[in-house]
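Chemist: Here it is, the structure, as structure tokens.
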There are 2 protein chains.
Amino acid sequence: MVALMGSFERPMTALQAVLSELRRRLLDGRIQPGDPIRPDAVGEELGVSAVPVREALRILEGEGHVTNRPHRGYVVAELDIDDLTEIYRIRELLEEEAVRRAIPKLDADDLAELRSTIAEMAKAGDDVVELTEVNRRFHFALFEAAELPHLLRILRMLWDSSDRYRLRYLITPENRRLVQEQHRRIMEAIEDRDVERVIKEKSLHRAHAIDTLIGFADPVSESAAEAVG
Amino acid sequence: MVALMGSFERPMTALQAVLSELRRRLLDGRIQPGDPIRPDAVGEELGVSAVPVREALRILEGEGHVTNRPHRGYVVAELDIDDLTEIYRIRELLEEEAVRRAIPKLDADDLAELRSTIAEMAKAGDDVVELTEVNRRFHFALFEAAELPHLLRILRMLWDSSDRYRLRYLITPENRRLVQEQHRRIMEAIEDRDVERVIKEKSLHRAHAIDTLIGFADPVSESAAEAVG
DNA sequence: ACATTCTATATTCCATCCATAATCAAATGT
DNA sequence: ACATTTGATTATGGATGGAATATAGAATGT
């Protein structure tokens with residue numbers, strides 16, 4: 001048998017379908033913070049039962065997207081200014097480590113991948129969802145080279161939980177232009193294998209984002225309650 | 001109505017019961033890395049159906065304790081030397097931040113809590129499971145003072161995923177003695193509000209643990225596959 | 001009028017049952 | 001003898017229905 005291509009069309013489970021649909025809705029704002037999510041209703045809408053929906057919600061709960069209180073259901077989590085600031089601080093700590101490990105390991109393919117995402121970004125134009133995804137691919141193409149699976153997992157979690165807010169950052173044309181410029185500067189530093197400069201440019205990138213994001217976020221609400229003991 | 005005590009005896013859901021039972025078994029080694037976990041079998045054993053077991057497994061999957069491949073079931077994840085090293089490195093980065101933020105905020109109650117865990121530890125004697133739990137309470141009593149919920153969540157995840165191995169570290173009387181000594185030294189630095197010294201002592205504490213743990217771990221297996229896409 | 005208890009409703013949580021995908025062994029063909 | 005295909009078995013993933021819990025509103029008492 002020949003080596004079959006990258007990832008074959010596996011029969012998608014209902015869980016996977018529901019999960020990616022809920023993620024999309026959380027990202028594009030069709031489901032808002034504070035909204036309750038009713039497994040039965042979602043299931044009916046998507047043509048599945050409540051069971052796989054509940055499993056999807058457990059996963060989203062683990063990622064911090066929704067909160068659950070026993071017998072009271074699921075609610076979309078809110079991130080206030082403190083939450084966003086904290087998440088960006090953690091990202092700063094972990095991404096610096098990822099970059100340090102990644103830069104020396106980058107091979108030709110990785111560099112090509114990075115350059116191509118920059119090109120894609122230019123082509124994406126004003127499609128904000130697309131831009132958010134490409135932006136993410138750019139940064140993770142770098143992180144992945146570090147070959148630190150646990151670190152990567154945590155970074156994915158952190159990006160996931162703030163994707164929704166990052167999308168709003170890209171709504172203004174001014175910010176879209178700026179992001180492209182910053183990516184180019186980061187890319188130059190990467191090509192020079194200048195670790196410290198990459199870290200610095202990425203810090204500036206993050207700093208501008210978080211400063212703007214803070215304007216969008218809810219002033220300060222009490223932190224979402226823990227769950228499931 | 002009077003304010004009712006800390007946390008009232010809520011009617012535990014089957015999910016919660018299964019989840020804590022599975023956690024216990026993962027911790028004390030009754031379920032070993034590589035073992036498959038069959039929802040139906042576990043459910044029958046615990047007197048519940050497969051449904052809540054599967055939800056519990058989704059949560060454990062999110063925490064990295066088990067892996068799942070669609071239609072192929074759940075398997076307890078293995079941590080090799082690389083995994084443990086990586087996890088301890090991430091802990092180092094994040095715990096340093098937690099300590100920096102926590103120390104200035106510690107109040108009298110927090111200090112009392114910390115001291116009491118040290119006393120408990122002395123009393124625990126040779127009960128390794130108990131010691132593991134108290135050890136954990138000591139460190140998290142400190143981290144919690146930082147009031148960084150997301151950071152705390154990640155740290156809990158990291159500790160969870162390596163609890164199993166940490167327990168084996170405490171099996172030798174020599175290590176048990178050492179841990180007590182190290183806690184005392186950390187405590188002294190805390191009482192002096194000497195941030196840098198706390199960080200340094202905690203680093204030594206971790207370093208000794210990871211050096212020993214590496215002896216227990218599997219040499220190197222390929223990393224566990226991702227899941228659920 | 002206010003607080004408390006009772007009742008009705010909605011929704012969660014879970015047990016049972018079933019369809020489908022994956023696995024293993026036997027059978028077939030080259 | 002070896003690879004491939006077929007068929008039987010097992011466990012997963014999901015649908016349906018029902019018991020238990022929380023919530024909101026009505027009824028009752030002070």
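Chemist: How many residues are more than 10 Å from chain B (Cβ to nearest Cβ) and either within 19 Å of residue A:211 (Cβ to Cβ) or not in a helix (DSSP H, G or I) (or both) if we restrict to the stretch A:92-111?
Modeler: Residues that pass the stated criteria total 3.
Chemist: Output the residues belonging to the stretch A:132-156 that are in contact with a Gly (Cβ under 8 Å, 6 or more places away or on another chain) and crowded, with 20+ Cβ neighbours inside 10 Å. Explain how you work it out, then say what you get.
Modeler: From the stretch A:132-156, those in contact with a Gly (Cβ under 8 Å, 6 or more places away or on another chain) are A:150, A:153; that's our starting set.
Selection gives A:150 alone.
Chemist: Can you report the number of residues in the stretch A:42-86 which are among the charged types (D, E, K, R), within 10 Å of chain B (Cβ to nearest Cβ) and away from DNA strand D (no atom under 13 Å from the Cβ)?
Modeler: The number of residues fulfilling the criteria is 5.
Chemist: While we're here: Cβ-Cβ distance below 7 Å, separation of 6 or more or different chains: which pairs start in the stretch B:39-66 with a residue that is of a type in the set (Ser, Thr, Tyr) and end on one that is within 10 Å of DNA strand D (Cβ to nearest atom) and in a helix (DSSP H, G or I)?
Modeler: Pairs that qualify, where the first residue is of a type in the set (Ser, Thr, Tyr) and the partner is within 10 Å of DNA strand D (Cβ to nearest atom) and in a helix (DSSP H, G or I), are B:49/B:43.
Chemist: Just wondering, is there one or more residues in the stretch A:53-62 that are farther than 30 Å from residue A:147 by Cα and either away from DNA strand C (no atom under 16 Å from the Cβ) or assigned to a loop (DSSP other than H, G, I, E, B) (or both)?
Modeler: Kept after step one, since they are farther than 30 Å from residue A:147 by Cα, are these residues of the stretch A:53-62: A:53-54.
Narrowing the set further to residues that are either away from DNA strand C (no atom under 16 Å from the Cβ) or assigned to a loop (DSSP other than H, G, I, E, B) (or both) leaves none.
Scanning the stretch A:53-62, I find no residue that is farther than 30 Å from residue A:147 by Cα and either away from DNA strand C (no atom under 16 Å from the Cβ) or assigned to a loop (DSSP other than H, G, I, E, B) (or both), so the answer is no.
Chemist: Still on this structure: Identify the residue in the stretch B:29-45 that is touching a strand residue (DSSP E or B) at 6+ places or on another chain (Cβ under 7 Å) and among the aliphatic types (A, V, I, L, M) and, among all such residues, is farthest from DNA strand C (Cβ to nearest atom).
Modeler: For the stretch B:29-45, the residue satisfying everything is B:31.
Chemist: For the list (1) of a type in the set (S, T, N, Q); (2) more than 11 Å from DNA strand C (Cβ to nearest atom); (3) modelled with pLDDT of 95 or more, I need the number of the one condition that residue A:68 fails.
Modeler: (2)
Chemist: What's the total number of residues in the stretch B:136-165 that are touching a Ser or Thr at 6+ places or on another chain (Cβ under 7 Å) and either within 10 Å of chain A (Cβ to nearest Cβ) or not in a helix (DSSP H, G or I) (or both)?
Modeler: Just the residues of the stretch B:136-165 that are touching a Ser or Thr at 6+ places or on another chain (Cβ under 7 Å), to begin with: B:137-138, B:141, B:149, B:163.
In the following step, the residues that additionally are either within 10 Å of chain A (Cβ to nearest Cβ) or not in a helix (DSSP H, G or I) (or both) were identified as B:149.
Within the stretch B:136-165, residues that are touching a Ser or Thr at 6+ places or on another chain (Cβ under 7 Å) and either within 10 Å of chain A (Cβ to nearest Cβ) or not in a helix (DSSP H, G or I) (or both) number 1.
Chemist: Of all residues in the stretch A:142-199, which are in contact (Cβ under 8 Å) with a residue 24 or more places away in the chain, polar (S, T, N, Q) and over 22 Å from residue A:112 (Cα atoms)?
Modeler: A:161, A:162, A:175 - these are the residues of the stretch A:142-199 that are in contact (Cβ under 8 Å) with a residue 24 or more places away in the chain, polar (S, T, N, Q) and over 22 Å from residue A:112 (Cα atoms).
Chemist: Here's another thing I want to ask about it. Take residue A:87 and tell me if it is closer than 15 Å to residue A:209 by Cβ, crowded, with 21+ Cβ neighbours inside 10 Å and in contact (Cβ under 8 Å) with a residue 24 or more places away in the chain. It would help to see each step written out before you state the result.
Modeler: On the way: closer than 15 Å to residue A:209 by Cβ: yes; crowded, with 21+ Cβ neighbours inside 10 Å: yes; in contact (Cβ under 8 Å) with a residue 24 or more places away in the chain: yes.
Yes, satisfied.
Chemist: Only one of A:188, A:196, A:201, A:133 is in a helix (DSSP H, G or I), at pLDDT below 95 and either among the acidic types (Asp, Glu) or farther than 22 Å from residue A:96 by Cβ (or both); which? Steps first, please.
Modeler: Details: A:188 fails: at pLDDT below 95; A:196 fails: at pLDDT below 95; A:201 fails: at pLDDT below 95.
The match here is A:133.
The values are calculated or read from the model by the stated rules, or taken from the named source; none is laboratory data. It should be emphasised that the depicted structure is a prediction, and the values quoted were computed from it without experimental measurement. Note that we place each Cβ from the backbone using ideal geometry, even for glycine, and neighbour counts take in every protein chain shown.
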